[in-house]
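Note sheet for the following structure.
The values are calculated or read from the model by the stated rules, or taken from the named source; none is laboratory data. Fair warning: this is a prediction, and the values are worked out from it, not measured in the lab. When we count neighbours, we look across all protein chains shown, and the Cβ atoms used for this are built from the backbone with ideal geometry, even at glycine. Areas reflect the complete protein model, heavy atoms only, side chains present, ligands, DNA and RNA absent. Shrake-Rupley method; radii C 1.70, N 1.55, O 1.52, S 1.80 Å.
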Amino acid sequence: MTEVLVAMLWSVFEVLIVFTGAQVVRVVSLGRWRSERWSSNDARTWSAAGALSFRHEGQRVVTTNGLVFVGLLFYGLLAVLAVALAGLVSA
C-alpha cells in the first residue's frame with residue numbers, strides 16, 4: 001500500500017514540476033519556445049536520444065526531460081532566494 005501511495009505522490013510531484021517548467025520556458029523565452037505536447041511523441045520523432053530540446057519547423061521545442069530540469073532549477077533557485085531573504089530579515 002505504501003508503494004502505491006509513494007508512486008501516486010511522485011506522479012503528482014512530477015506533473016507539478018513539468019507544468020512549472022513549461023510555464024517558465026514560455027515566460028522566459030517570451031513565447032518563442034514551446035514545450036512538448038503531452039499527447040505527442042515529438043521528442044522521440046524529432047530529437048536525438050536524451051535531448052533536452054530540439055528544433056522543429058523553426059521553433060525550439062523543450063522536451064519533457066528538459067521541462068523537468070527547468071522546473072527543478074526554478075524551485076531550487078526559489079529555495080535559495082527564500083533562504084537568503086530569511087537571512088536578511090533575521091539579521
**Complete:** proj_area_mean for the chain (convex hull on C-alpha atoms), units nm², value 8.5
**Message:** Can you compute the modelled spin-label distance between residue 39 and residue 7, with each label point 7 Å from Cα toward Cβ, in nm?
**Reply:** 2.5
**Complete:** Those GluC sites (Glu not before Pro) from the stretch 1-78 that are DSSP loop and have at most 13 other Cβ neighbours within 10 Å turn out to be 57
**Prompt:** Pairing the Cα long axis of helix 2-28 with the longest principal axis of the chain, what angle in degrees results, from 0 to 90 and rounded to the nearest 10?
**Reply:** 80
**Complete:** Around residue 65 (Cβ within 13 Å, Cβ-to-Cβ, excluding residue 65; K/R +1, D/E -1) the net charge comes to -2
**Request:** Pop out the carbon and sulfur fraction of the accessible area of the chain as a percent, whole number, probe 1.4 Å.
**Result:** 69
**Message:** Over the chain, what is the relative contact order in percent, taking alpha-carbon pairs closer than 8 angstrom and at least six residues apart?
**Reply:** 29
**Message:** Taking the solvent-accessible surface of protein heavy atoms with a 1.4 Å probe, what is the per residue accessible area of the chain in Å²?
**Reply:** 76
**Fill in**
Note to self, the chain gives a 222 nm [θ] from helices alone (DSSP H runs n ≥ 4, -39500 (n - 2.57) apiece, / all residues, nearest 500) of -22500 deg cm²/dmol
**Asked** Amide H neighbours of residue 53 under 5 Å, counting only residues 5+ apart in sequence or on other chains, H built in-plane at 1.01 Å?
**Response** 63
